[in-house]
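The structure appears below as structure tokens.
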Amino acid sequence: GLITGRINSLNATGMVLRLADQIVIKGRMNSRNLSDVNNSLLNLALSEFTVSVSTLNALIPGFNPPENFYKLGKIRFNGRFDGYFQDFVAYGDLNSDLGTAELDMRLDLKEGAELAQYSGSAALTGFDLAKWSDNNAFGIIEMDAQVKDGKGLRLESVSASVVANVNVL
């Protein structure tokens, strides 16, 4: 792709980035304050972003998701990511080994996973809830959900207002 600007403020078009078989990024990017990890601003329009949760865990400071997130396998995202490394909005289509989702979510990790804040909407299609939860009483689901005032990413600390329609297939 074409990258312009100074190291602290880069813009990229026609970007294709591959890091072994761990990450694939295709699209365009605008950035600011890249030398300051706590204030780095990214605006990404992605035609493809492929990564695993274990790779995200290694790259994002303070990101340590619950164990069942690792069951998603390779995650493929097509959409936008706007914000900071620990406080961002993402919307688009996400495909994983367990199913697909349409997302429009905000996630704020500045205070860590226990105090993380989130809100938005998600629509799951063909999601294997049994595998995700290790509970065979569940099955493959479709779901439309609205999340408000979400707090905490660990089972012990999670609290949110959720309105959802769930169909078991």
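The values are calculated or read from the model by the stated rules, or taken from the named source; none is laboratory data. Everything numeric here is computed off the predicted structure, so don't read it as measured data. Glycine gets a Cβ as well: all are built from the backbone with ideal geometry, and neighbour counts include every protein chain shown. In case anyone asks, the SASA skips ligands and DNA or RNA and just uses the protein heavy atoms, side chains included. Shrake-Rupley method; radii C 1.70, N 1.55, O 1.52, S 1.80 Å.
Assorted remarks:
- Here the 3J(HN,Hα) profile of the stretch 48-57, calculated from phi with Karplus coefficients 6.51, -1.76 and 1.60 at θ = phi - 60°, is 7, 9, 10, 7, 10, 5, 5, 5, 4, 4 Hz, Gly and Pro shown as x.
- Protein accessible area in the stretch 78-169, 1.4 Å probe - carbon and sulfur %: 52
- Among Asn30, Asn68, Asn43, residue whose mean-square fluctuation peaks in a GNM of the chain (springs only between Cα atoms under 10 Å): Asn68
- Accessible surface calculations at 1.4 Å, restricted to protein heavy atoms, place the stretch 27-116 at 51 Å² per residue.
- Distance between the 7 Å Cα→Cβ label points at Ile60 and Asp104: 2.1 nm.
- The convex hull drawn around the Cα atoms of the chain, when projected onto a plane and averaged over every direction, covers 9.7 nm².
- Reach of Lys148 by Cα under 21 Å, taken over lysines that are not fewer than 8 positions away in the same chain: Lys110
- Calculated [θ] (222 nm, deg cm²/dmol) that DSSP helices of n ≥ 4 give over the chain, each run adding -39,500 (n - 2.57): -1500 deg cm²/dmol
- Kirkwood Rh in Å, taken over the stretch 52-98 so that all alpha-carbon pairs contribute: 11.6
- With contacts taken as Cα pairs under 8 Å at a separation of at least 6 residues, the chain carries a relative contact order of 13 percent.
- Intensity falloff of the stretch 80-169 expressed as log10 I(q)/I(0), Debye formula with alpha-carbon point scatterers, at q = 0.23 Å⁻¹: -1.26
- For Ser96, neighbours were defined as the other residues whose beta-carbon sits under 12 Å from its Cβ, and their charges (Lys and Arg +1, Asp and Glu -1) total +1.
- Hits among aspartates and glutamates - C-alpha to C-alpha of Lys151 under 16 Å, sequence gap 8 or more where chains match: Asp87, Asp108, Glu111, Glu114
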